[in-house]
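Below: the structure, in structure tokens.
The values are calculated or read from the model by the stated rules, or taken from the named source; none is laboratory data. None of these values were measured; they are calculated from a predicted model. Here Cβ is always computed from backbone atoms with ideal geometry, including for glycine, and neighbour counts include all displayed protein chains. Just so you know, the surface numbers come from the protein's heavy atoms only, side chains and all, with ligands and any DNA or RNA stripped out. Shrake-Rupley method; radii C 1.70, N 1.55, O 1.52, S 1.80 Å.
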Amino acid sequence: MRSDDQTRARLLATAEHLFADRGFKVVTVREICRAAKANVAAVNYHFGDKMGLYREVLQGAIVAMRETSEAAREAGRGRSPEEQLRRYVSVFLHRVLRGGRESFHRLVTREMNDPTPALDALVEQGLRPRIEYLSGLVAQILRCDPRDPRVMRCVASVQAQAVSYFPNPIAARLGLAFKPTRAQIDKVAGHIATFSIAGVRAIARTAASTAGEARG
């Protein structure tokens with residue numbers, strides 16, 4: 001690897017951890033370069049400015065999100081909507097709870113809580129395709145239009161359950177943290193999927209019952 005490529009890689013790796021730990025607005029170009037053992041002008045040379053570096057770092061998280069969504073799609077291809085949802089939850093949890101991606105999770109959380117101009121890329125490239133896929137599955141189970149407000153509420157419920165198990169101090173204090181072995185992740189994924197499918201079906205039954213009463 002050429003010296004320039006090595007410097008660029010070090011800047012990205014260092015910035016990823018610093019931005020994830022402290023946020024875009026707090027971290028300075030000078031401290032990134034110092035920690036990466038790079039000249040202070042290296043960020044401008046490789047990325048244009050601090051925002052350019054941040055966008056590149058965030059793009060790594062976006063790529064990981066898209067890969068997870070695509071893996072979930074592939075795992076459920078050709079199966080029933082319920083089984084596709086089950087496969088999605090399993091793939092999602094196995095990917096996000098395995099080691100090595102903690103900084104990406106913190107980075108995305110910081111961007112959500114303290115957004116920058118890079119938020120649109122995160123939403124449009126990373127989150128929206130995932131939400132649209134889940135919305136399609138839920139709409140099939142509910143037998144309704146994906147734009148029905150109930151669909152997004154169900155999708156939010158599925159996502160909220162999964163996110164509850166992300167490693168963080170609150171989850172640990174509430175007893176939601178666990179050792180992310182394959183067997184343990186399978187148990188949690190199975191619970192979330194079963195709970196979610198049953199909930200969506202219950203909403204479908206409620207809607208059908210209400211419609212029947214209205215006709216009567």
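Of the residues screened, residue 200 is one that is over 20 Å from the mean Cα position of the chain (by Cα), at pLDDT 95 or above and open to solvent by less than 30 Å² (accessible area, probe 1.4 Å).
Yes/no per residue for (1) open to solvent by 60 Å² or more (accessible area, probe 1.4 Å); (2) closer than 25 Å to residue 32 by Cα:
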site	(1), (2)
56	yes, yes
63	yes, yes
71	no, no
110	yes, yes
121	no, yes
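Just one of the numbered conditions (1) in contact (Cβ under 8 Å) with a residue 24 or more places away in the chain; (2) buried (at least 17 other Cβ atoms within 10 Å of the Cβ) is not true of residue 186: (2). Residue 2 passes every criterion in (1) surrounded by fewer than 18 Cβ atoms within 10 Å (Cβ to Cβ); (2) within 30 Å of residue 199 (Cβ to Cβ); (3) at pLDDT below 95 apart from (2). The residues of the stretch 73-100 that are of a type in the set (Gly, Ala, Ser), at pLDDT 95 or above and open to solvent by 20 Å² or more (accessible area, probe 1.4 Å), listed by number, are 75, 78, 80, 90.
Can you name the residue in the stretch 6-32 that is under 20 Å from the mean Cα position of the chain (by Cα) and among the charged types (D, E, K, R) and is also most open to solvent (accessible area, probe 1.4 Å) among such residues? For the stretch 6-32, the residue satisfying everything is 22. Pairs only if they're at least six apart or on different chains, beta carbon under 8 angstrom, first in the stretch 125-141 and assigned to a helix (DSSP H, G or I), second acidic (Asp, Glu); list them, first residue then second. Listed by first residue and then by second, the contacts come to 139/145; 139/148; 141/82. Answer yes or no as to whether residue 123 is in contact with a helix residue (DSSP H, G or I) (Cβ under 6 Å, 6 or more places away or on another chain) and closer than 25 Å to residue 196 by Cα. Answer is no for this residue. If I ask for residues that are open to solvent by less than 60 Å² (accessible area, probe 1.4 Å), in a helix (DSSP H, G or I) and at pLDDT 90 or above, which ones from the stretch 149-182 would you list? Scanning the stretch 149-182 gives 150, 151, 154, 155, 156, 158, 159, 160, 161, 162.
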